[in-house]
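Single-structure report; data block below.
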Amino acid sequence: MSNVVEARMLSKWYGQVIGLNNFSIDVPKGITGIVGPNGAGKSTFFKLLTGNIRTNVGHLRVLGEEPWQNPSLLAKIGFCPDYDFLPPDLDGREYLRFVAGLHGMEGLKTAERVDEVLKIVNMSKDADRSMGGYSKGMRQRIKIAGALLHDPELLLLDEPLTGTDPLIRKEIIDLVKDLNKVHGHDVIVSSHVLHEIERMTHQVALIYKGRSVASGDLSEIRRLMSDHPHNIVLEGRGLVPLAQTLLTKPYTSSIELRPDRLGMYVRVDRPEEFFDSLPELVTETGCELERVESLDDDLESVFRYLVG
Amino acid sequence: MGLDPIGYKPWDGQRTEHGRRFLVVAESILRHKLRAKWFLAMLIIGTFLVHVMPLFILSMMPHKELEAEVMRDQMGGGLYFIFEVILVALVCSDLISEDMRSNSFILYVSRAMGVKGYLLGKWTGAMVTIGLFTLLPPLVLAIAVTATQSGSDYLGSLAVIGQTLIAGIWSAALLIPIGLAVSSLTRKRTYASVGTFMFFFGMMLVSGIFTGLSQDWSLLDPSQVLYQSHTVIYGLELTDSVNKALLGAMAFLLTVPPMALVYYRIMRKEAGK
Amino acid sequence: MRMSLNVIGLRTVAAFSARKLLMNRRWMLVMLLGALIALVMGYAATADGANMDFASDMMGILLLMFLLPVLSLIYGASMIRNEMDDRSIVQVITAPLDRRISYLGYYIGLVVVLCLLITVVTAIGGLAFLAFSPEREGGAQLIVTFIALQYLGVLVYSALFLLLGTLMRQPIYLGLLYVFIWEGFIGSVPGSIGNLTIRHQLQVIASEMTDYGSVALTNGDWTMSMLALVALTVAMVVAGAFVLRREEIS
């Protein structure tokens, strides 16, 4: 089996709201990132993969099996949802023993396995503390530990980095990479931040308003981004000569200068060329730049471009 | 997408007087409850069973005038009390508990309203909503019976209508404080609903057990307090077995201490533990 | 292998759900109710003519008519529903455990906790009566009878309210309607319609178990009542299990 997940023309709706709309994807082995803005359908997709909900239309195979009403498949899947569900009165170790029991694990070997996964997620020190006192990062790690406990083939991590600080984010990213490289799990991880996924894998699928927008290697998708028009805001002093110079450049589509002349709005076709040439132009024209910001360097505009 | 800064303009429209701001809270409660399925269902079922059928029966039966005893029995019946308890539980359960859960007191008290204004708004909203069962239908029934009377003493019937107005308001005022008090004791509205029910029915059960020992225990039953106080409102004679001082005390205990408890709970919550 | 997974899983769900119920602060309310019942029964025992018939009637009203259905409602209706609302049920439904087995685990946990609470409250209430009553003969037997009867009631009411909690988003309101309107009001209506309540069937069984109080005079065939309650319990548990299995949980 080369693909861990095969989805064809999946549609899922909740009353009037469409969660997924003719969504098709093949997820290969390794780490795959599912990227999309909030409300794109990432969590709906994960719920379908775990059999929490069923498709209205379409065909879905996870590890070669249909997930709906198939509890035995869940022995091969470890799921870490994006929301907080950990009981605050239990400590980490008790929680993992509970999860172990749900997977039919008991006895001495279970205790050893619990210690093992606590070590993998770096929570051995805090495992005997009540989870009500855990930080966000600790809660994420315990959730991942719960997903790993039964040694699943496939790990589903739904937005594991949301709400974490940069230090914890790095730890979780490194952990995800190790889970695949060192421990051999296939991982599907979702996020709404492209560069976070980029640090974990180059294999991504973009999802927007329930549809698959693009999938494959990240460099291919980046190239698509680079080819679409970019809106950039510049603020500072002496911008008029800079604007005049930019108008002569082939990559500039249009320029709108603010009435106070302290800011301008530049639309470029090839942002890479613009950014490469900007330092030289600033020196040439003698302007003082205080702010340079790309208004379209985010997923929303990428998707708008790709779906537009 | 332009570069103009967001323009801020101060509000130059009319502002409601501080003293009337609680009406905003009350109106919001009424609108919210009128959209709640369970409340509407119970209101319709209760109104039909308790008021609509008697309306037809009493209007069509030959009668000289609207009698105080008839209205007192109508508004003191077991089914009337049960539906009122259900509605109080449904209406009051989330009024304070939801704000406790979401810590949204700050929304009210940071807007020149204060805790008293907040409580007055909640109480008024509950009164108006419960009044849709305790006040409106009985008034309609009373007016219908008056309109179909064969006698000419319309003034007497009007007086009974006036007493019905007071009785309808009192019905709501007697039970709502307990609903609000229970709501202030929990963050979950479902527990508040159950708690309200349990309080009233628990009191009825205990009263039922001890009434055999002494008639005074019957006034532990809130439905009896309601019935006897309606007797007073309608200007009828209380039976000798009813202890007037105890009746007054029970009416006080069911209204004032619960509201004091709600005030205390909110002050404690708002000021922090 | 599958069998041992199901057994371990069932045990785990039952144990952890029971623990969750007991660790919840609702037990304080139960203890308060227990204290209130003890107070009422203790005071009533001092009345003239207080005997085992009176004790039986009081237990019938306070426990059978009030505490048993109310506790079952509070605990049963919120057990699975709360987990669905706060999404902590995800741990159970993403485990390789048939959801029907999970449901059975929840049911067992609920029954165990309710039986424990009912035992404590009934024992406290009954002992409070015996402590102040001049007549004590048959008192211990009466307490045990009511405990056993309520165990049966717990099985049925738990099945009912757990099912309601699985089916509905707001099960408490329908549960309250059932307890206070159907059982409380309709159940008191003379005639056969009053027999269509769990409480009546329990009273029929009680009439076979004790000679004290008005429950002893309840008409009916206790074996039919027992069969009816068992069949109802099994049907509701099976229905609940299938509902959970087919339910889409977001």
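Each reported figure results from applying straightforward, stated rules to the coordinates on display, with no laboratory input. Quantities reported herein were computed from a predicted structural model and do not represent experimental measurements. Cβ coordinates were reconstructed from backbone atoms using ideal geometry, including for glycine residues, and neighbour counts include every protein chain displayed.
Computed from Cα atoms alone, the Kirkwood hydrodynamic radius reported for the protein assembly as shown is 31.7 Å. Between residue A:251 and any residue 5 or more places off or on another chain, the built amide H atoms are never under 5 Å apart. Show me, bin by bin at 5 Å from 0, the whole-percent P(r) of segment B:1-156 based on Cα pairs. P(r) for segment B:1-156, in whole percents per bin: 2, 8, 14, 15, 12, 11, 10, 9, 7, 5, 3, 2, 1, 1, 1, 0. Other residues whose C-beta falls under 14 angstrom from the C-beta of residue A:113 contribute a net charge of -1, scoring Lys and Arg +1 and Asp and Glu -1. Entry note: segment C:189-250 has Rg to Rh equal to 1.19, where both radii use alpha-carbon atoms and Rh is the Kirkwood radius.
If R0 equals 30 Å, the separation of the Cβ atoms of residue A:253 and residue A:209 corresponds to a calculated FRET efficiency of about 0.70. Measuring between their Cα centroids, segment C:211-249 and segment A:157-201 lie 51 Å from each other.
The angle between the Cα long axis of helix B:78-92 and the main principal axis of chain B comes to about 0°, on a 0 to 90 degree scale.
Taking Lys and Arg as +1 and Asp and Glu as -1, the other residues whose beta-carbon sits under 9 Å from that of residue A:262 total 0.
The long axis of helix B:114-134 is offset from the longest Cα principal axis of chain B by roughly 40 degrees. For residue A:32, nonlocal amide neighbours, meaning residues 5 or more places apart or on other chains whose placed amide H falls under 5 Å from its own, are A:187, A:188, A:189. In the P(r) worked out for chain B, what percent of Cα pairs fall beyond 25 Å? Of the Cα pairs, 52 percent sit more than 25 Å apart.
Around the amide H of residue A:214, modelled in the peptide plane, lie the amide H atoms of A:206, all under 5 Å away and 5 or more residues distant in sequence or on another chain. Each semi-axis of the equivalent ellipsoid for segment B:225-271 is √(5λ) with λ an eigenvalue of the Cα gyration tensor; in descending order they amount to 32, 10, 5 Å.
Give the angle, between 0 and 90 degrees and rounded to the nearest 10, that separates the Cα long axis of helix B:37-47 from the longest principal axis of the Cα atoms of chain B. Around 20 degrees separate the two axes.
Taking 1.306 mPa s as the viscosity and 10 °C as the temperature, the Stokes-Einstein diffusion coefficient of segment C:2-246 based on its alpha-carbon Kirkwood radius rounds to 85 µm²/s.
Summing charges over neighbours of residue B:148, with a neighbour being any other residue whose Cβ is under 12 Å away from its Cβ, gives 0 when K and R count +1 and D and E count -1. Remark: relative contact order (chain A) = 19 percent; criterion is Cα-Cα distance under 8 angstrom and separation of 6 or more residues.
Rounded to the nearest 500, the 222 nm mean residue ellipticity of the protein assembly as shown from helices alone is -18500 deg cm²/dmol, with -39,500 (n - 2.57) taken per DSSP H run of at least 4 residues.
Taken as entire DSSP H runs, the helices of chain C that both span 15 Å or more between Cα atoms along their own long axis and average 1.0 or more on the Kyte-Doolittle scale are C:26-45, C:99-132, C:139-167, C:222-246. Remark: C-alpha extents of segment B:66-147 on the principal axes read 50, 24, 15 Å, sorted largest to smallest.
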